[in-house]
1. So B:Gly421 clears everything in (1) open to solvent by 30 Å² or more (accessible area, probe 1.4 Å); (2) within 7 Å of another protein chain (Cβ to nearest Cβ); (3) not basic (Lys, Arg) except one condition, right? Which one?
2. When you look at A:Leu36, is it open to solvent by less than 60 Å² (accessible area, probe 1.4 Å), more than 30 Å from A:Pro487 (Cα to Cα), touching a residue at least 40 places away in the same chain (Cβ under 8 Å) and in contact with a helix residue (DSSP H, G or I) (Cβ under 9 Å, 6 or more places away or on another chain), yes or no?
3. Report yes if A:Glu98 is part of a helix (DSSP H, G or I), open to solvent by 60 Å² or more (accessible area, probe 1.4 Å), more than 25 Å from A:Thr165 (Cα to Cα) and free of Cβ contacts under 8 Å to residues at least 60 places away in the same chain, otherwise no.
4. Go through (1) of a type outside the set (S, T, N, Q); (2) within 10 Å of chain B (Cβ to nearest Cβ); (3) more than 25 Å from B:Lys490 (Cα to Cα) for A:Pro476 and report which single condition fails.
5. A:Ile6 passes all but one of (1) aliphatic (A, V, I, L, M); (2) surrounded by fewer than 16 Cβ atoms within 10 Å (Cβ to Cβ); (3) not in a helix (DSSP H, G or I); which number fails?
6. Kindly indicate whether B:Ile403 is at pLDDT 95 or above and within 25 Å of the chain's Cα centre (by Cα).
7. For residues that are within 14 Å of chain A (Cβ to nearest Cβ) and within 20 Å of A:Gln218 (Cα to Cα), scanning just segment B:180-198, find the one that is least open to solvent (accessible area, probe 1.4 Å).
8. Confirm whether B:Phe442 is under 30 Å from A:Cys217 (Cα atoms), under 14 Å from the mean Cα position of the chain (by Cα), open to solvent by 20 Å² or more (accessible area, probe 1.4 Å) and within 7 Å of chain A (Cβ to nearest Cβ).
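The values are calculated or read from the model by the stated rules, or taken from the named source; none is laboratory data. This is a predicted model, so every value here is computed, not measured. Backbone-built Cβ (ideal geometry, glycine too); neighbour counts: all protein chains shown. Heads up: the accessible areas ignore ligands, DNA and RNA and are worked out on the full protein's heavy atoms, side chains in. Shrake-Rupley method; radii C 1.70, N 1.55, O 1.52, S 1.80 Å.
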2 protein chains.
Amino acid sequence: MTYPDILPNQINDVVQQSANAFMIYNQYPLQQRVELLYTIAHLLDQESETLIASAASETQLSITRLKAELSRTCWQLKSYADYCKSGQSLQIRIDTCEENNHLNDLRKMQVPLGPVAIFGAANFPFAYSTAGGDTASALAAGCTVIVKAHPSHAHTSQLIADIITASLALLNMPETIFQHIHGASYEVGKALVSHPLLKAVGFTGSQKGGKQIYDWCQQRQQPIPVFAEMSSINPIFMLPEKLHTEAEPYAKLFGASISNSAGQFCTCPGIIVGIKSEGFEKFMRALSQNVSTLAATPMLNKGIFENYLNTKDTVIQQETVHELNNPSCNANTNEVAPALARVNAQDFIKTPQFMQEVFGPFALFVQCNDEKEMLLVAQQLEGQLTASVIATEEEMITHKALISALIQKCGRFIYNGVPTGVQVSLAMQHGGPFPATTDSRFTAVGGDAITRFTRPVCFQNLPHHLLPDELKPGNPLQIWRTINNIPGTK
Amino acid sequence: MTYPDILPNQINDVVQQSANAFMIYNQYPLQQRVELLYTIAHLLDQESETLIASAASETQLSITRLKAELSRTCWQLKSYADYCKSGQSLQIRIDTCEENNHLNDLRKMQVPLGPVAIFGAANFPFAYSTAGGDTASALAAGCTVIVKAHPSHAHTSQLIADIITASLALLNMPETIFQHIHGASYEVGKALVSHPLLKAVGFTGSQKGGKQIYDWCQQRQQPIPVFAEMSSINPIFMLPEKLHTEAEPYAKLFGASISNSAGQFCTCPGIIVGIKSEGFEKFMRALSQNVSTLAATPMLNKGIFENYLNTKDTVIQQETVHELNNPSCNANTNEVAPALARVNAQDFIKTPQFMQEVFGPFALFVQCNDEKEMLLVAQQLEGQLTASVIATEEEMITHKALISALIQKCGRFIYNGVPTGVQVSLAMQHGGPFPATTDSRFTAVGGDAITRFTRPVCFQNLPHHLLPDELKPGNPLQIWRTINNIPGTK
């Protein structure tokens, strides 16, 4: 099903309505946000069969995968609601006069920024799209939301938008707290993020798209925050001792990580760095054998299929690269099988094309002559969502400079595991230095994602009965607050 | 005393050395940062006489004021050290496998960004300059620091830099953890913030300067965070009932707030909005009388003196503006006396020049015909550091829309008080929507200023003995951590 693009003059109305609704939504008690998120989760769950069927036909993702993703999306909504209810995302600090010998009573909390525009991801029709992490965290923050449907799953997006609208109606809340627009064209995105009443943007997609939105937002008269999650090659560093004994189990683990959902995860491993050795040879051989047994699977759509082949070609057509297999692909069905190639570290370091994400089931082995070259590869990397090390505990101790260099480059550092599988929990960090994201100081997954859409306001010397409930003496909402430097629930 | 500008090729060396020192500084235990800040505070205090004499001769600020500022600066260093030691600025979240039925052990903490460039303020030689809030918070965050001395108090800046260098030497720490450069030219600033190894910028100064640095940093291949505190007209809204009985005491309070240190505070009240009434007349009359008794005081330097007269002229030369006094000024001594003027709300709303900060002892009364006009003025405002309301408690209840509009515009909302006097404590918010600052999500004052120079990293499944001490089971540092969603000191 296709939907016509929204017209430019309609975008103005949408943002204006969002700003009007914001003046109401930001006055609701905290509990109202919690109920909204729970209601959306409940209705999504009720409609799961319809939603999964629609998403399967639009994305070619498997039913098993989509079921897991929808269930995760409902859990995500509820867990952000719970975190919102605990008050932790409000980051309340109260400094009283009595305890501090201060002149002023100061009470600070996070307040919502205003209308937020969200651009969902092609590869996650549920978890990172219309009712995904960005929408859940913006609503939990107290912001109104405008989702621009991803054109590649516009119908699924519309179904989910209708569910959010129904949730608002059930709770007697203004329907314009959440709005949903269609627009495949560049102009729609530009008009939306350039509107003076818009206050923040969430985006998940390509580096080109994310950077363009970021630039538009910085060039506004009033620049606004942009949380764009864009690209990552999720490097894996394999140390010899560990590979010596465990090459085969790790080959199996990485075969699954590279090929799962046709490699269309933002945390899919893109480069695997090892030191020339029998163990690394054995690992490369075992991984090649492993992926040769895997069937080709369809990519999300023709555009992503073609982009995959093109970006992969810019890598494998480098003279210095050796292809390790000859994977099948089918331009009628957009099906691809996992592809592997190899390059020497010295050549890798010299060639900027290797830093670019190849979105799909492709990994490049980077073979180093020694540990010094391995460190150079790590230092050469751009910012990443994740970095992983496969090593014995002893090797972790003897490779401190490598570990330290990798931590500088990433948002999540993984020991003896694969980067795919992003757990939704408070300690998760999903974000990393540019170009992984445009703002490494925030996460897109876990309760801390809520604070992306807030800013602090300090209330000075307000009579206590005029304070927001969150800040009142006696803590009527029983939330977490830091009083005179001590966190607690007083 | 004048210092030659640093040469462009030297800037490269400085940033490279800062990046090298960062690799050492970020590996120190937390306690080492704490000791550094305490040592700097101690040595500043020891040298207070020399520092105050130097600052007095360079800035024309009074000895009383400079004494208070230096003492505040030492307290600030120690309070950020204490907050750093408590672990709260690390925002630790630990999700264990056992409690959550999770596959992964996730442990997240804030890590330092890297080398930070700091541009101190003309108007605060101590508290917002070389060893001021930005330096204190960057060092507490674990970042190395490069301060560009403000040319208008370069000698004082050099003396303070020498004290920080001496502190590092006393603790046997690398001297390049802190570096100090001179440069009055535009090119020095541009080269510094454009260097690829630089990771963040702190700036306090004019809107033109701050926005220029922000733009340079966004145009880099890797954009970096810029915390520029730029301009604010700190609006005061006075409601009739309160003025009816207390016009005179408030006139006295605001006379001092506007004229203190020749109005050279970022939180100096720039517009005072009231409703045409006997009370507001009485207040304007009393304030005019109050300031007419105040002597002219010297501004910081010739440039600031001239800029004050020019920006004030763009306001008072508007046809719609009535000057309320004829303040003296002396171009030989850069002395100015407080100036007041009046405009009607309808004219105020139509004229963008009135939104511009006049840095100095000047306030513009904005006279509204009714409460509706007052609300329109509030809605018209740009982002501000502060907004204040002078009102009875009853008036606060009957003016909800006005209060709500003002909170949207500011970082600190003040009831029945003046905006000058920024308390250094955790609940303080010093920052606000653009153009008050370039990033309203952070504060420049109070312990939370530390997190400006950090980003989160999640450690997944690391063997416990390989974790940073901050994240180890048993909490060896006895710091605040959130474990399985519950904050505590376990």
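1. Checking B:Gly421 against (1) open to solvent by 30 Å² or more (accessible area, probe 1.4 Å); (2) within 7 Å of another protein chain (Cβ to nearest Cβ); (3) not basic (Lys, Arg), the one that fails is (2).
2. Working: open to solvent by less than 60 Å² (accessible area, probe 1.4 Å): yes; more than 30 Å from A:Pro487 (Cα to Cα): no; touching a residue at least 40 places away in the same chain (Cβ under 8 Å): yes; in contact with a helix residue (DSSP H, G or I) (Cβ under 9 Å, 6 or more places away or on another chain): yes.
Answer is no for this residue.
3. Details: part of a helix (DSSP H, G or I): yes; open to solvent by 60 Å² or more (accessible area, probe 1.4 Å): yes; more than 25 Å from A:Thr165 (Cα to Cα): yes; free of Cβ contacts under 8 Å to residues at least 60 places away in the same chain: yes.
Criteria met by A:Glu98.
4. (2)
5. (2)
6. On the way: at pLDDT 95 or above: yes; within 25 Å of the chain's Cα centre (by Cα): yes.
Considered against the rule, which asks whether it is at pLDDT 95 or above and within 25 Å of the chain's Cα centre (by Cα), B:Ile403 comes out as yes.
7. Just the residues of segment B:180-198 that are within 14 Å of chain A (Cβ to nearest Cβ), to begin with: B:196-198.
Now drop any that are not within 20 Å of A:Gln218 (Cα to Cα), which leaves B:196, B:198.
Working: B:Pro196: 90, B:Leu198: 0 Å².
Per the criteria, the residue is B:Leu198.
8. Working: under 30 Å from A:Cys217 (Cα atoms): yes; under 14 Å from the mean Cα position of the chain (by Cα): yes; open to solvent by 20 Å² or more (accessible area, probe 1.4 Å): yes; within 7 Å of chain A (Cβ to nearest Cβ): no.
When the stated conditions are applied, B:Phe442 does not pass them.
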